[in-house]
Amino acid sequence: MTITQLRYIVALDQFKSFAKAAEHCLVAQPTLSLQIQKVEQELGFDLFDRRKNPIITTKLGKEVVEQAKSTLKEADKLFEIAGQWKDEPAGNISLGIIPTVSNYLIPSIYKKLQTEFPKVNFRISELPTLTIIDKLESEEIDLGILATPLKISNVVELALYYEPFVVYYPKETKEKSTTVSMKHIEKYPLLVLGEEHCFRHQSLKICNRNALAKIESGSVETLKRMVDMGIGVTLLPKLAVDKVSDRIVPFQSPEPAREISLVYKKGFYKTKILNKLTNLILSVIPKEYHKKEKYKVIGVSIGQD
């Protein structure tokens, strides 16, 4: 039984499809199927019930899969320890990022990831907070980038930067002041993201509104377009604003802000990649956002993005 065969078994258990598992493992489907059959012959029992659609892992198969995950983790750790002695980090990293951060961070760092991590294979997914937490727990992803603090016992939070909230006004209706308070905003209908986004809940906390907002949307860009139509105002993450406009106004000091962190499950061992990735992200974030002293950090409600 080989490490490669164990990876095939774990992939098939995860995806419940030979085609999807083969695609994930970057091999031909017949190759993956043949190797799993060899393991079953070696063990003397079936790991998967192929008569079902999707494929079902057998009772004994589940025990083998769990042991395979443990073995693969230890094998990866050996490779990582060896990699610490090399000039360049190597390996695989699966990264989950919440949508309200990925829309500006990924375009800023993607090319740098390729040049600064030539031997690291990054898999990047845009996911809501709760999904990132679940996938960290099940070890389907290695790292998450999201709003914190989460205060989850087995999750480590490495705070990266603090991003202020700003107000986006419709044309012709912006207040003349250079900063805004709650009193300014209450004159207008508030437009927010949908229930699955924690940015929505943070926005409602800032505005002290317990009632439903007038419009809920799935994307920041949709909210901006609705504001452009004169329907109301919305709050935006400062770094998602790609140009200067007199319709984008900061809050009065102390500005409400969200804490953005790299998170990982306790026991994460790819420290060389983690440290280099941290420095890379900070290099594209203005230094004025690296410290929280001048901000009022708005908490996160677990269960949303």
Identify, please: which residue in the stretch 232-263 is in contact (Cβ under 8 Å) with a residue 12 or more places away in the chain and of a type in the set (Val, Ile, Thr) and is, among those, surrounded by the most Cβ atoms within 10 Å (Cβ to Cβ)? Thr234
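From Lys266, Lys272, which residue is surrounded by 15 or more Cβ atoms within 10 Å (Cβ to Cβ) and either in the same structural domain as Val192 (by TED's automatic domain parsing) or at pLDDT below 90 (or both)? It would help to see each step written out before you state the result.
Details: Lys266 fails: surrounded by 15 or more Cβ atoms within 10 Å (Cβ to Cβ).
Answer to the selection: Lys272.
Could you check the stretch 115-127 and list, in sequence order, the residues that are part of a loop (DSSP other than H, G, I, E, B) and within 23 Å of Gly267 (Cα to Cα)? First the steps, then the outcome.
First pass over the stretch 115-127, keeping only residues part of a loop (DSSP other than H, G, I, E, B): 117-119, 127.
Correct list: Phe117, Lys119, Leu127.
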Which residues, counting only those in the stretch 69-95, are in contact with an Asp or Glu (Cβ under 8 Å, 6 or more places away or on another chain) and modelled with pLDDT of 85 or more? Lys69, Ile93, Ser94, Leu95
If Val64 passes every condition in (1) modelled with pLDDT of 95 or more; (2) within 30 Å of Ala240 (Cβ to Cβ) but one, which one does it miss? (2)
Yes or no: Lys112 surrounded by fewer than 18 Cβ atoms within 10 Å (Cβ to Cβ), under 21 Å from the mean Cα position of the chain (by Cα) and either of a type outside the set (Val, Ile, Thr) or in a strand (DSSP E or B) (or both)? yes
Can you list the strands (runs of 3 or more DSSP E) found entirely within the stretch 142-219 that contain at least 2 residues being at pLDDT below 80 and closer than 20 Å to His290 by Cβ? none
Within the stretch 45-60, is there a residue that is surrounded by 13 or more Cβ atoms within 10 Å (Cβ to Cβ), part of a helix (DSSP H, G or I) and not assigned by TED's automatic domain parsing to the domain that holds Ile141? yes
The stretch 8-24, residues that are assigned to a helix (DSSP H, G or I) and touching a residue at least 24 places away in the same chain (Cβ under 8 Å): Tyr8, Ile9, Val10, Leu12, Asp13, Gln14, Phe18
Only residues in the stretch 40-64 that are without any contact (Cβ under 8 Å) to a residue 12 or more places away in the chain count as the first member; pair them with residues that are aliphatic (A, V, I, L, M) and part of a loop (DSSP other than H, G, I, E, B), Cβ under 6 angstrom, at least 6 apart or cross-chain, and list the lot. Glu40/Leu47
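Take the residues in the stretch 232-263 that are β-branched (Val, Ile, Thr) and assigned to a loop (DSSP other than H, G, I, E, B); name whichever of them is modelled with the highest pLDDT. Working first, answer last.
The initial filter retains those residues of the stretch 232-263 that are β-branched (Val, Ile, Thr), namely 233-234, 241, 244, 248-249, 260, 263.
Filter again for assigned to a loop (DSSP other than H, G, I, E, B), leaving 241, 244.
Values: Val241: 82, Val244: 65.
Checking each candidate, the answer is Val241.
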Does Ala11 satisfy being crowded, with 19+ Cβ neighbours inside 10 Å and under 27 Å from the mean Cα position of the chain (by Cα)? yes
Output the residues belonging to the stretch 104-124 that are more than 15 Å from Ser283 (Cα to Cα) and out of contact with any Pro (no Cβ under 8 Å at 6 or more places or on another chain). Gln114, Pro118, Asn121, Phe122, Arg123, Ile124
Can you name the condition, by its number, that Met229 falls short on among (1) under 12 Å from Asn103 (Cβ atoms); (2) loosely packed, with under 12 Cβ neighbours inside 10 Å; (3) at pLDDT 80 or above? (1)
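The values are calculated or read from the model by the stated rules, or taken from the named source; none is laboratory data. In this text, all values refer to a predicted model and were calculated from it rather than measured experimentally. Note that each Cβ is placed from the backbone with ideal geometry, even for glycine, and that neighbours are counted across all protein chains shown.
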